[in-house]
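The values are calculated or read from the model by the stated rules, or taken from the named source; none is laboratory data. Just so it is clear, the model here is predicted, and its values are computed rather than measured. When we count neighbours, we look across all protein chains shown, and the Cβ atoms used for this are built from the backbone with ideal geometry, even at glycine. Surface areas here come from the heavy atoms of the whole protein model, side chains and all, with no ligands, DNA or RNA. Shrake-Rupley method; radii C 1.70, N 1.55, O 1.52, S 1.80 Å.
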Amino acid sequence: MDPADFKENQHYLRKIRALPLLSQDQEYQLAKEWREQQKDAAVEQLIASHLRLVAKIAQGYRGYGLPISDLIAEGNVGIMQAMKHYDPDRGYRFSTYAMWWIRASIQDYILQSWSLVKMGTTRAQKKLFFNLRKTQKVLASEHQTDLNLTPEKVKEIAKRLDVKEEEVWQMHQRLSSKDSSLNQTMQEDEDTEWIEWLTDERENQEIQLAQHDEMRKRKNLFQKALACLSSREHQILVDRRLTEPPLTLEQLSEKT
């Protein structure tokens, strides 16, 4: 880290540590004022008292090679999103609710920043990305071995994280490699960058627009067809064709 950045981060951390914490009653009152009266002063005070929570969570993601200041900034975006949805009348503290939004915001930022090549963003793939190294360490500790992956370890990790073994290998290779800039020049031709050899294999805009228009027409026709059915016929169609997994005929007969 650049010395100037380190000094700035330390100054920020000292500053937020000095901010007062709120009691549960104070927190509830401020949240009510924001939710019912949209008082800016209330939400500013509530968020300020939880900035150290954001910094603490962000510190846990330092191993992904991104500036801690950026992680904290994304966490702050998450806590502001949490404030928009927080309902104090549900009975739980704001920190309990906000920590999920903070983590989600930071994790999304890491996934977007980790590579120029978009990674999978399904729930299982996110879980694998953020838990592979941790699970490797747990297995190494349990079996008193090193962190190297073996077929047996891959099988165990896949089982614990509920993913395919192939996905574990692929993610391990992805995390073990370093990204290269697409603006690097090719060794054979110093005037040509790798990005010039990339091609967009997607359909052109005209085809995409035509496909979108066709899909819209089909949806409209489908909705009109559904409107012609009785309520019983509509429910049968939904249960047999539009539900995953579909109901069996036996289940359908018992239901109707």
Fill in: Subset of the range 18-40 (residues that are in a helix (DSSP H, G or I) and not polar (S, T, N, Q))
Asp25, Glu27, Tyr28, Leu30, Ala31, Lys32, Glu33, Trp34, Arg35, Glu36, Asp40
Fill in: Residue among Tyr92, Tyr97, Tyr109 that is out of contact with any Pro (no Cβ under 7 Å at 6 or more places or on another chain) and open to solvent by 60 Å² or more (accessible area, probe 1.4 Å)
Tyr92
Worksheet item: Hey, any hits in the range 39-51 for a residue that's modelled with pLDDT under 90 and open to solvent by 100 Å² or more (accessible area, probe 1.4 Å)?
Response: no
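Filter the range 241-256 for residues that are assigned to a helix (DSSP H, G or I) and open to solvent by less than 80 Å² (accessible area, probe 1.4 Å) and give the result. Full working, then the answer.
Just the residues of the range 241-256 that are assigned to a helix (DSSP H, G or I), to begin with: 241, 249-255.
Matches in the range 241-256: Leu252, Ser253.
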Worksheet item: Can you name the residue in the range 138-187 that is polar (S, T, N, Q) and under 19 Å from Tyr64 (Cβ atoms) and, of all such residues, is modelled with the highest pLDDT?
Response: Gln170
